[in-house]
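Please read the structure below before turning to the comments.
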Amino acid sequence: MYNPNSVRLWWLALGAALVPLLTIHLTFFVSVIEGYVSFCIPYWDSCTSISRTGRHGTAYFIFKGTMLPAAIVGVLFWWGNRVWLAQLGLRSTSVAWVPWLGLVAGLALGAYTVALGHEGDGFNLMRRIGVVLYLSLTFLCELLISGALRLHPSWSRPARGLLGLCQLTLAVGILSVLLNAFAPELYRRTDDAFEWVFALLINVHALWLALLWRRSRFRVRFWVD
């Protein structure tokens, strides 16, 4: 039921999906223009990592200026997903973990962003841990949300699509691990492309959730009369 004191939040989910995705492409093109990386198609050329696009020049400031707010938006996004599922009547122990996993993912993205562009063992460790936690926990949140949504009779069809996207993301991750274990030379030539593809897939999943929030007319009430 419509409540005049409530607000629609699909734009929050849209921001959580698009800000990181647009940022890494913007910093890539800025780094190309300023000569810090060569132009290529990073999704299959594996010519540069996402991190390298935001380390130097103007891209350094763009990356930090957008990714730090994106980390906060991401935390709010996962909190919103729990509220959304609760409004749909979907409550479970697994879903209850989503805001906390999302919080750690957001903190990890923030730590990774702060460390990017700085040298030293401490910064390198913080960057590596940050990116691994962010990507893995974000994927786990998406998997839990998709699995819970599948239990709703009216939303099972899009949930199957979301789960299919999760399966594709997992397959990309497993393939990268297998290449690293059994074909390390090939992995070293393609690991950057895996990072780009994985980041694309998790943000496409978030974009799909944003569209579902809009379709369901998801609203949250922040104040009382």
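The values are calculated or read from the model by the stated rules, or taken from the named source; none is laboratory data. Just so it is clear, the structure is predicted and the values come from calculations on it, not from any experiment. Note that each Cβ is placed from the backbone with ideal geometry, even for glycine, and that neighbours are counted across all protein chains shown.
Points to keep in mind about this one:
- Residue in the stretch 25-38 that is closer than 21 Å to F139 by Cα and at pLDDT 95 or above present: yes
- Extreme residue, farthest from the chain's Cα centre (by Cα), among residues of the stretch 115-127 that are of a type outside the set (K, R) and buried (at least 17 other Cβ atoms within 10 Å of the Cβ): G117
Here is a yes/no grid of residues against (1) loosely packed, with under 15 Cβ neighbours inside 10 Å; (2) among the polar types (S, T, N, Q); (3) under 19 Å from Q87 (Cβ atoms):
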position	(1), (2), (3)
L179	no, no, no
P184	yes, no, no
R189	yes, no, no
F194	no, no, no
F198	no, no, no
L209	no, no, yes
L212	no, no, yes
R215	yes, no, yes
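- Lone qualifier among G173, G164, G130 - being surrounded by fewer than 18 Cβ atoms within 10 Å (Cβ to Cβ), in a helix (DSSP H, G or I) and either among the hydroxyl-bearing types (S, T, Y) or touching a residue at least 12 places away in the same chain (Cβ under 8 Å) (or both): G173
- Subset tally (residues that are part of a helix (DSSP H, G or I) and either acidic (D, E) or over 17 Å from L135 (Cβ atoms) (or both)) for the stretch 78-99: 14
- Within the set T58, T48, the sole residue that is among the hydroxyl-bearing types (S, T, Y), crowded, with 19+ Cβ neighbours inside 10 Å and touching a residue at least 12 places away in the same chain (Cβ under 8 Å) turns out to be T48.
- Residue that is within 18 Å of L162 (Cβ to Cβ) and β-branched (V, I, T), where the choices are V114, V132, V98, V104: V98
- Taken together, T58, T93, T113 contain a single residue that is farther than 18 Å from L14 by Cβ, touching an Asp or Glu at 6+ places or on another chain (Cβ under 8 Å) and hydroxyl-bearing (S, T, Y), which is T58.
- Matching option when the condition is farther than 24 Å from A105 by Cα and either modelled with pLDDT of 95 or more or part of a helix (DSSP H, G or I) (or both), among P158, P153: P158
- Close Cβ contacts (under 7 Å, 6 or more residues apart or on different chains) running from residues in the stretch 19-39 that are assigned to a loop (DSSP other than H, G, I, E, B) to residues that are of a type in the set (G, A, S) comprise E34/G57; Y36/G57; V37/S31.
- Among the residues of this structure, S136 does not count as one that is touching a Gly at 6+ places or on another chain (Cβ under 9 Å), at pLDDT below 95 and closer than 18 Å to W78 by Cα.
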